[in-house]
Amino acid sequence: MPADSPFDVWQLVAIAAALGWASGIRLYAVLFIVGGLGYLGWVPLPGGLSVLTHPFVLAASGFMFAVEFFADKIPGVDTVWDAIQTFVRIPAGAALAASVFGDGSAAAALAAAILGGTLAAGSHFTKAGSRMAINTSPEPFSNWAASFGEDLAVGVVLWLAWEHPYVALAVLLLLVLLMIWLVPKLVRLIGRMFDRVAGLGGVRSDMTGGPRGGSPT
């Protein structure tokens, strides 16, 4: 870390962790908001994050931010979107976290990438699993509440990382503990949902005399 850096080590860790966790939920919002604030000079950006302020990057992240904002508010569409973004959010979270230590050693950047990628994976799968469960409800209001709640949580965690890094680390620790507690429950719930759907399919097959195209014996 350069001697004239405005960040201490723990704040860099907090920013890397916050970027990783937030990327698993709202990657394009993270890219656009952090890049926009850095472009306006409202917040300093450490390491390699200055690339987010480039107009081309801002245009691309802003467009995808708008797409994701609306896709995430539509029940069913949000689940498909989450499935696609599995291949984007996790490596992007690792890359953003590593970029925080872009001016430091390769070991620090690699450690940050491991931290950011792990947090992105945890938050992404928790979000995706929660949405699958919420989408079993026929009304859209619970989906909207969850989506706007995620928007707010991402904004708060990022703000804390820059303004109150120790508080951000404490909040992220609580969120990790919550994910560890919640993910197994979501896995069991989703498993029961698929079993129920498979059971209904079996009942329909029995009622029609076997699989389509076959003949009863």
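Tabulated results
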quantity: Loop chymotrypsin sites (Phe, Trp or Tyr not before Pro), region 23-73, which have at most 14 other Cβ atoms in a 10 Å radius of their Cβ (DSSP); calculated: Trp42
quantity: Between region 17-49 and region 157-179, the Cα center-to-center distance that results, in Å; calculated: 15
quantity: Radius of gyration and maximum dimension Dmax of region 9-203, Cα, Å; calculated: 17.4, 62
quantity: Virtual spin-label span in nm between Ala83 and Ser50, 7 Å along Cα→Cβ; calculated: 4.2
quantity: Given charges at Cβ of Lys, Arg, Asp, Glu: the chain dipole, positive-most of Val13, Ala83, Trp162; calculated: Ala83
quantity: Full-stretch length increase - Leu182, Phe69 - with 0.36 nm per residue and alpha-carbon distance subtracted; calculated: 38.2 nm
quantity: Computed lengthening from Phe194 to Leu40, 0.36 nm per intervening residue step minus Cα-Cα distance; calculated: 50.7 nm
quantity: Residue-averaged [θ]222 nm for the chain, counting only DSSP H segments that reach four residues, each worth -39500 (n - 2.57); calculated: -28000 deg cm²/dmol
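Bear in mind that the values in this text are calculations on the coordinates, not laboratory data. Model, not experiment: these values are computed from the prediction. Because the Cβ atoms are built from the backbone with ideal geometry, glycine has one as well, and the counts that use them run over all protein chains shown.
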